[in-house]
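Notes for the one structure printed next.
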Number of protein chains: 2
Amino acid sequence: MRRWNGWGDDSVHSILNTAALQFLQERVGHTTAPSDAALDAVTQRLPPGRLPTHPKLSTDNEARVRASFGQSLPDWLRLRFGHIDRVVDAVAFAESAEDVREVLAFAHTQQAIVIPYAGGTSVVGHLTPPKTDRPVISLNLTRMNRLLHLDRSSQLATFQAGVAGPDLEAQLRAHGYTLGHFPQSFEYSTLGGWIVTRSSGQQSLRYGRIEQLFAGGQLETPTGPLTLPTFPASSAGPDLRELVLGSEGRLGVLTEATVRVTPLPAVEQFHAVFFPSWAQAETAVRSLVQQRLPLSMLRLSNELETLTSLTLAGHPRLIAMLEKYLGMRGIKGSKCLLLFGVTGHGATCRSALRSARDIVRQFGGMPVGKTFGEKWKANRFRSVYLRNTLWEHGYCADTVETACDWPKVETMMRRVEAAAVEALARFGERVHTYTHLSHVYPQGSSVYTTFVFRRAGTFEENFNRWQAMKHAVSQTIIDVGGTISHQHGVGKDHAPYLSAEKGPLGMRTLSELVRQLDPDGIMNSGNLGL
Amino acid sequence: MRRWNGWGDDSVHSILNTAALQFLQERVGHTTAPSDAALDAVTQRLPPGRLPTHPKLSTDNEARVRASFGQSLPDWLRLRFGHIDRVVDAVAFAESAEDVREVLAFAHTQQAIVIPYAGGTSVVGHLTPPKTDRPVISLNLTRMNRLLHLDRSSQLATFQAGVAGPDLEAQLRAHGYTLGHFPQSFEYSTLGGWIVTRSSGQQSLRYGRIEQLFAGGQLETPTGPLTLPTFPASSAGPDLRELVLGSEGRLGVLTEATVRVTPLPAVEQFHAVFFPSWAQAETAVRSLVQQRLPLSMLRLSNELETLTSLTLAGHPRLIAMLEKYLGMRGIKGSKCLLLFGVTGHGATCRSALRSARDIVRQFGGMPVGKTFGEKWKANRFRSVYLRNTLWEHGYCADTVETACDWPKVETMMRRVEAAAVEALARFGERVHTYTHLSHVYPQGSSVYTTFVFRRAGTFEENFNRWQAMKHAVSQTIIDVGGTISHQHGVGKDHAPYLSAEKGPLGMRTLSELVRQLDPDGIMNSGNLGL
């Protein structure tokens, strides 16, 4: 059963080992265990829904609670403290584009707002019902999960857009194909969600971001269907796919998507390299990506993330061996861990691996084989469960990410971390911050920072701290010159910062676009701040 | 001096050898030499401009004629026959974004229409002044040709958008970089033109289309500036760059563009392979691109294009040797020529070359070394001059291109060629058609067809024939399921077919976008049909 107030399946537990707990206690302080609100108590206090009955709609209170929150820290706080200020009035389950159209039409008659829902994994408030007097319907798309067509010749697969990562890959695997889109939320997040939030998978270096994988599809807008045909490329005017990508449910409901797939790779390996300093490691990674080696992933942790990962990993003997090995080779004390992947044909992978090792050595990197990479791969969708465990130990975890050109990357990382530390210091609290580059490009890199800090006693205290930190960090991202999101999207949490990069005319353009396709505001979830 | 009524510099002449001329005479008939209108006669007959004097504006008649036509066949016919129905009223030369803003403001006071002009290489009527009572200003951007900034760390170069291909590459080469964008129009076409028409270069397989190269820039719209920041990637809402790409001058004037550049490659080679049949050749090319080999170009000619190229090349002894060599290896009679490029680091190129040769042999291909590839490279921007020579011999040449998914590629090629033959047969004329795949993708391919047919005696006869052929071919593209343009854009010639792929809602969306950024229609050139 999926957790209603945390990440993932409730039979899966992540363990925080003693050394890791001590490490956190030293860095941010001791905590007390929380006493969370119970689901029963929450559902019993819900106000009644404000919609007439309709065969497509469920007004079950548990369904309403589950539909109204994502995985942002404010959403967690609301659920854990039972601070349920707003929930949707009803949940509709669509099985087809026709169902979607029916729900949109019903919403129109009721002046209701429709929020598309599938994986429920948003970390930026996409699913939070807006402040409004209008009734709100959560449109659940998870039953729309079938592979509709596979064109082997063009390597195109058409799916219903509600299909979740594991189901999508399983259906493709049965035919010998993969999409290769693996965001950390893969266990629950869905194809449609990836598209409308411009998601990026861990191996985007090989497979591309979802923008490159999305070939066409069908959007049901309140003013009618928008069909996006699949062409390999086109110069016929502005690309309408690019309006659907990033539309975050504001323009309509994506019901069908055709994506570019590839045959399952013959070889896939993840290798680890340790660097004695960030400067050397960053230069090496930039060199690897700018030489356009056919690697499938480059993921570089800074000093504190490397230390944190090794501490959390909980294999003291293995780590001691590693420290000894690296120490003999001149890497003592703080170090940076690079994981890189090779995926594809054997010969290409071997050649890429050889070249990658040569390059990292030029910058002081020490390759240590596949052990760490294999562990990372085994836990790639498990590590997100740690957030539950941290909470149970009295710690909040949150993340922020951006992307910027190379000259700004180190400054961005240092200043984002510092901004969070400074923001929580104002509350007399410490925050443990660490960062990695998760997606690198010849032009620059994403910068992904994690924050761990102590839970406070009340919802309001926690929310205020989060808000102060979020604002400080977001403003820093803008000041340094990054995008407000590289992979999580805008939702409501990033909406106040969107105009800094789109500009006044860009924001007006987007507003008009929304107004045109959704004149009655049926899709007005508040996402993108539009 | 640039030709006023044909392609390129008037000191450059292409030669049609006797065998090639006989070949054409056999295929479409004998012709008589044309008697073209003289520039003097044309400029003397021009109506006076309808604008008051302004320091930024020239009303010189030759400048007005030169600014009013591109390289579409209708534009050629107008110039060659002196059938000058519409010309711009004045030409403004901008040297800065400030100049652009000044011209837009002046146009606003005069209710004038502004058409941005740079390379003048459009083959789909982008530059043709619209039918309107409003005065029209051609805004010449060719003086905006400077490299403004080079960020080596991010491999980003910022140019004024009017820079032409050779100037752009020369300025980058001085720093050891290349953009690698080489459309056939490279000699004159400009960065801004590439962006607003979604251009594709011959080596897009390595460098990407202009969509992938365009990182950000500055658009001066009639309602104010739109600044597109450079991020390596972003999930912050719809991507506004994708509205500027393909906007064809309808949203404003691109004054500055930042592009992704790469260090000059160490190695570049073009190799030729002959195939005994189209089916084998197409399968080989699809296999090469789907295996994601690091090639820089794949260009496959069909049987008739191969025959035409060999005949035009005019090296009878070399061709005889080739025929003998191929014949001994079982390739007799009709055959298909594939040119492929390897570009980059030595080791990567060697490995890609080896793999490519292995794959083509699996499909019956016979690699014949670099001779044909080198000749192609030497003439890559010269071959377009042949159109002048054909005209002087009494032949019209025109091209049409599209892109579609792989299952449709052969049908598209055959049916586009047949549609042209059928359309001209109705006039009792034959047309020599041939096709190549110029840009291939894992998903599908572009299909690029050339038509050569006899010139008729009058403008109207030629125009009617062209129109019948253009319509038949465009309708075929839509019926088979291709985009109305893969690389030339929409302009006016393709505008009637745009709604077939954008759909009614898509067209409304684009119209509203234009209306919002250009409420007074200052940029209303008629491009995109909006």
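Descriptive notes on the structure:
- Tabulated pairs, segment A:208-220, first at the interface with chain B (Cβ under 10 Å from one of its Cβ atoms), second part of a helix (DSSP H, G or I) and not basic (Lys, Arg), C-beta under 6 angstrom, 6+ apart or interchain: A:ILE210/A:TRP194; A:ILE210/A:ILE195; A:LEU219/A:VAL244
- Every residue from segment B:458-474 that is in a helix (DSSP H, G or I) and out of contact with any Asp or Glu (no Cβ under 8 Å at 6 or more places or on another chain): B:PHE459, B:GLU460, B:GLU461, B:ASN462, B:PHE463, B:ASN464, B:GLN467, B:ALA468, B:HIS471, B:VAL473, B:SER474
- Of the residues making up segment A:112-164, those that are polar (S, T, N, Q), within 14 Å of another protein chain (Cβ to nearest Cβ) and surrounded by fewer than 24 Cβ atoms within 10 Å (Cβ to Cβ) are A:SER153, A:GLN155, A:THR158.
- In the set B:THR59, B:THR43, B:THR31, only one residue is under 30 Å from B:PHE159 (Cβ atoms) and surrounded by 15 or more Cβ atoms within 10 Å (Cβ to Cβ); that residue is B:THR59.
- Checked against the criteria, B:LEU293 counts as under 21 Å from B:GLN202 (Cα atoms), modelled with pLDDT under 95 and buried (at least 19 other Cβ atoms within 10 Å of the Cβ).
- Those residues of segment B:98-148 which are over 27 Å from the mean Cα position of the chain (by Cα), in contact (Cβ under 8 Å) with a residue 60 or more places away in the chain and within 18 Å of B:GLU256 (Cα to Cα), in sequence order: B:ARG101, B:LEU104
- Failed item, numbered, when A:ILE477 is tested on (1) facing another protein chain (nearest Cβ under 10 Å); (2) outside any strand (DSSP E or B): (1)
- Candidates B:PRO232, B:PRO238, filtered to the one that is under 18 Å from A:SER499 (Cα atoms), at the interface with chain A (Cβ under 8 Å from one of its Cβ atoms) and touching a helix residue (DSSP H, G or I) at 6+ places or on another chain (Cβ under 9 Å): B:PRO238
- Residue satisfying condition, being over 17 Å from the mean Cα position of the chain (by Cα) and at positive phi, within set B:GLN160, B:GLN155, B:GLN171: B:GLN155
- Residue that is nearest to the other protein chains (Cβ to nearest Cβ), among those in segment A:507-530 that are over 18 Å from B:GLY506 (Cα atoms) and outside any loop (DSSP other than H, G, I, E, B): A:LEU528
- Of all residues in segment B:246-262 being at the interface with chain A (Cβ under 8 Å from one of its Cβ atoms) and either of a type in the set (Phe, Trp, Tyr) or crowded, with 24+ Cβ neighbours inside 10 Å (or both), the one that is nearest to B:HIS126 (Cα to Cα): B:GLU248
- Any hit, segment B:489-500, residues being in contact with a Phe, Trp or Tyr (Cβ under 9 Å, 6 or more places away or on another chain), within 24 Å of B:PHE69 (Cβ to Cβ) and either among the polar types (S, T, N, Q) or at the interface with chain A (Cβ under 10 Å from one of its Cβ atoms) (or both): yes
- Wholly within segment B:357-457, helices (runs of 4 or more DSSP H) carrying at least 3 residues that are free of Cβ contacts under 8 Å to residues at least 60 places away in the same chain: B:409-425
- Qualifying residue in segment B:479-502 (condition: over 30 Å from B:LEU139 (Cβ atoms), in contact (Cβ under 8 Å) with a residue 60 or more places away in the chain, buried (at least 20 other Cβ atoms within 10 Å of the Cβ) and touching a strand residue (DSSP E or B) at 6+ places or on another chain (Cβ under 8 Å)): yes
- Within segment A:438-458, considering residues that are surrounded by 24 or more Cβ atoms within 10 Å (Cβ to Cβ) and aliphatic (A, V, I, L, M), the one farthest from the other protein chains (Cβ to nearest Cβ): A:VAL447
- In segment A:197-207, the qualifying residues are those that are facing another protein chain (nearest Cβ under 10 Å) and not hydroxyl-bearing (Ser, Thr, Tyr), and the one that is surrounded by the most Cβ atoms within 10 Å (Cβ to Cβ) is A:ARG198.
- Here A:ARG317 passes the criteria (1) part of a helix (DSSP H, G or I); (2) among the basic types (Lys, Arg); (3) within 11 Å of chain B (Cβ to nearest Cβ); (4) surrounded by fewer than 20 Cβ atoms within 10 Å (Cβ to Cβ) except the one numbered (3).
- Selection status of B:VAL473, more than 23 Å from A:LEU251 (Cα to Cα) and touching a Cys at 6+ places or on another chain (Cβ under 7 Å): no
- Some residue of segment A:139-149 being outside any loop (DSSP other than H, G, I, E, B) and out of contact with any Phe, Trp or Tyr (no Cβ under 8 Å at 6 or more places or on another chain): yes
- Search result, residues across segment B:346-362 that are touching a strand residue (DSSP E or B) at 6+ places or on another chain (Cβ under 7 Å) and either surrounded by fewer than 21 Cβ atoms within 10 Å (Cβ to Cβ) or not assigned by TED's automatic domain parsing to the domain that holds B:LEU300 (or both): B:GLY346, B:LEU353, B:ARG357
- Check on B:ALA92, assigned by TED's automatic domain parsing to the domain that holds B:LEU254 and at negative phi: no
- Just one of the listed residues (A:ASP75, A:ASP36, A:ASP10) is touching a helix residue (DSSP H, G or I) at 6+ places or on another chain (Cβ under 6 Å), at pLDDT 95 or above and charged (D, E, K, R), and it is A:ASP36.
- Check on A:GLU282, within 14 Å of another protein chain (Cβ to nearest Cβ), of a type in the set (Asp, Glu), farther than 29 Å from B:ARG209 by Cβ and touching a residue at least 12 places away in the same chain (Cβ under 8 Å): yes
- Members of segment A:263-275 that are outside any loop (DSSP other than H, G, I, E, B) and either buried (at least 24 other Cβ atoms within 10 Å of the Cβ) or in contact with a helix residue (DSSP H, G or I) (Cβ under 6 Å, 6 or more places away or on another chain) (or both): A:VAL267, A:PHE270, A:HIS271, A:ALA272, A:VAL273, A:PHE274, A:PHE275
- Top-ranked residue of segment B:320-356 - restricted to ones that are of a type in the set (Gly, Ala, Ser) and in a strand (DSSP E or B), ranked as farthest from the other protein chains (Cβ to nearest Cβ): B:GLY341
- Failed criterion for B:ARG414 (all others in (1) touching a Phe, Trp or Tyr at 6+ places or on another chain (Cβ under 7 Å); (2) closer than 28 Å to B:SER199 by Cβ; (3) surrounded by fewer than 24 Cβ atoms within 10 Å (Cβ to Cβ); (4) charged (D, E, K, R) hold): (1)
The values are calculated or read from the model by the stated rules, or taken from the named source; none is laboratory data. Keep in mind the model is a prediction, meaning the values are calculated, not measured. Positions of Cβ are generated from backbone atoms using ideal geometry, with glycine treated the same way; all protein chains shown enter the neighbour counts.
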